[in-house]
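Engineer: The structure is given below, and queries will be raised subsequently.
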Amino acid sequence: MKVLFIEDDRMNRRVVRDMLDVAGASMVEAESAEDGLRLLDVNDDLDMLLVDLRMPGMDGLTAIGHIRARGDAKGRLPIIVVTADTALDLRERCLAAGADDVIFKPVAMDALFEAMGRLLAGDEDDELI
C-alpha cells in the first residue's frame, strides 16, 4: 500500500510514516497542498490520501476539492482528513468537500488503521469512533 500524506508539520508526517511502516505501507510526503497536488500527478501507484486541513497557502478542503474535480482514477482515491480542528460541523464540511473519513490529532495508530481498513474494505458509511 502507498499513501500520500499532505501535511505541513514534519513531526506529524514522521509519526504517521512510522505507523505506516509498522503495517508495511509506504508513504509519499507533501508539506503543502500545492506540493501534494503535484505529487498526486506523478505517482501512479497511490492507494489512499491523508490530508491535513490547516496549512499555509491552500487549505486541505480546497485541495480535496481539486482532487475530487479530477476526471481520472486519482480523483476517486480514498481521502482521510487528519486534523486537530474540533469544530462541531467539521465532519460535515469534510464530507461535503469530498473526504471519506476524518481522524484527529494526535493520530492514534488504531484510529488510523481502522479508518484505512474501512475505506479499503468499502465500508465508508460506518460511523467514526
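No lab work stands behind these numbers, since they all come straight from the coordinates. All values reported here derive from a predicted model rather than from experimental measurement. Methodologically, a virtual Cβ is constructed for each residue, glycine included, from the backbone with ideal geometry; neighbour enumeration extends over all protein chains shown.
Engineer: If the label point is 7 Å along Cα→Cβ of ASP47, which residues in the range 87-118 have backbone nitrogen under 16 Å from it?
Structural biologist: Answer for this model: 112-118.
Engineer: Between ARG10 and ASP85, take the C-beta separation as r, use R0 = 22 Å, and let me know the FRET efficiency to the nearest 0.05.
Structural biologist: E between ARG10 and ASP85, to the nearest 0.05, is 0.70.
Engineer: Less than 14 Å Cβ to Cβ from THR86, Lys/Arg counted +1 and Asp/Glu -1: what total charge do the surrounding residues give?
Structural biologist: +1
Engineer: Hey, another quick one. Here are labelled values, (i) 1.09; (ii) 1.03; (iii) 0.94, and one is the computed Cα Rg over 2.2 N^0.38 Å for what I pasted. Which one?
Structural biologist: Given (i) 1.09; (ii) 1.03; (iii) 0.94, the structure-derived one carries the label (iii).
Engineer: How do ILE67, ILE6, ILE103 line up, fewest other C-beta atoms within 10 Å first?
Structural biologist: ILE103, ILE67, ILE6
Engineer: Can I ask one more? At a Förster distance of 25 Å, what's the computed FRET efficiency of GLU34 paired with PHE104, Cβ-Cβ distance as r, to 0.05?
Structural biologist: The pair GLU34/PHE104 has a calculated efficiency of 0.55.
Engineer: Around ASP8, under 10 Å between beta carbons, what's the net of Lys plus Arg minus Asp minus Glu among the other residues?
Structural biologist: -2
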